[in-house]
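Report on the following structure.
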Amino acid sequence: MPPRGVPPASPSGAVATLRSWKGHRYLIDAFARLPADTGLVVVGDGPQRRNIESKIRELGLHDRVWLAGNRDNVLPWLQSLDVFALPSYANEGVPQALVQAMLCGLPCVTTAVGSIGEVARDGETAIVVRAEDVADLRRGLEQLLGNRALGEKLANAAREHCKAHFGFERMVDAMEEAYDRVLDESGTVGRFVA
């Protein structure tokens with residue numbers, strides 16, 4: 001069941017700080033070209049909110065797009081979606097929102113910007129589209145919205161990949177390995193405070 005306040009038709013969504021490089025404006029442009037029975041949920045807030053609200057008004061999407069703002073617990077919001085989109089075009093490492101969506105079993109559409117390729121492999125764990133390309137983003141969304149079997153295949157592969165490489169235990173092990181390498185290379189033993 002979707003979180004309270006989420007429109008009943010909300011198959012696609014994004015969870016990200018509303019910053020320009022997250023590509024929300026491209027997502028809204030692509031979404032405007034999807035069938036009228038689809039909805040879009042955007043979870044997060046930030047400096048681009050007014051621009052995004054203006055874009056929604058300009059395209060007449062106020063009844064199909066829900067700006068949910070910041071949420072302490074994004075899990076129920078992710079669970080209410082059928083597809084997750086993160087069309088970033090700059091400044092990305094491995095986005096936690098993308099990893100979270102994949103761990104929730106959501107099929108994802110994203111770009112190959114920064115280190116996103118460590119989790120999103122086109123046709124294997126996600127649909128990867130060209131950055132800043134509205135038509136390609138729309139194609140990716142349509143592909144997942146129209147093909148449940150493909151979405152399930154990608155979502156299952158993505159969840160397994162993220163569990164193996166980006167789970168909490170794996171991340172702690174990687175940090176310990178990095179600290180050990182630094183200590184071995186420097187030849188010093190000290191205390192680390194985090």
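Tell me the residue from D29, D45, D63 that is of a type in the set (D, E, K, R) and within 20 Å of G140 (Cα to Cα), please.
Working: D45 fails: within 20 Å of G140 (Cα to Cα); D63 fails: within 20 Å of G140 (Cα to Cα).
That would be D29, the only listed residue that is of a type in the set (D, E, K, R) and within 20 Å of G140 (Cα to Cα).
Selection of region 124-134 for residues being touching a residue at least 24 places away in the same chain (Cβ under 8 Å) and not acidic (D, E) yields T125, A126, I127, V129, A131, V134.
Test L154 against the stated conditions and say whether it is within 17 Å of the chain's Cα centre (by Cα) and at pLDDT 90 or above. When the stated conditions are applied, L154 passes them.
Checking the structure you have, find out if any residue of region 42-50 is within 27 Å of K153 (Cβ to Cβ) and at pLDDT 90 or above. Yes: region 42-50 contains one or more residues that are within 27 Å of K153 (Cβ to Cβ) and at pLDDT 90 or above.
Selection within region 97-117: residues that are within 16 Å of Q79 (Cα to Cα) and not hydrophobic (A, V, I, L, M, F, W, C). The member of this set that is surrounded by the most Cβ atoms within 10 Å (Cβ to Cβ) is P107. Look at region 19-35: where a residue is in a helix (DSSP H, G or I) and a partner is surrounded by fewer than 18 Cβ atoms within 10 Å (Cβ to Cβ) and of a type in the set (D, E, K, R), sitting 6+ places away or on another chain with Cβ atoms under 8 Å, you get Y26/E132; Y26/D133. Residues in region 81-88 include none that are of a type outside the set (A, V, I, L, M), over 16 Å from S12 (Cα atoms), surrounded by fewer than 22 Cβ atoms within 10 Å (Cβ to Cβ) and modelled with pLDDT of 90 or more.
Taking helices (runs of 4 or more DSSP H) as the structural unit, those lying wholly within region 75-157 and holding at least 2 residues that are of a type in the set (S, T, N, Q) and at negative phi correspond to 96-103.
The values are calculated or read from the model by the stated rules, or taken from the named source; none is laboratory data. On a predicted model such as this, the values are computed, not experimentally measured, just so you know. All Cβ positions, even for glycine, are placed from backbone atoms using ideal geometry, and neighbour counts span all protein chains on display.
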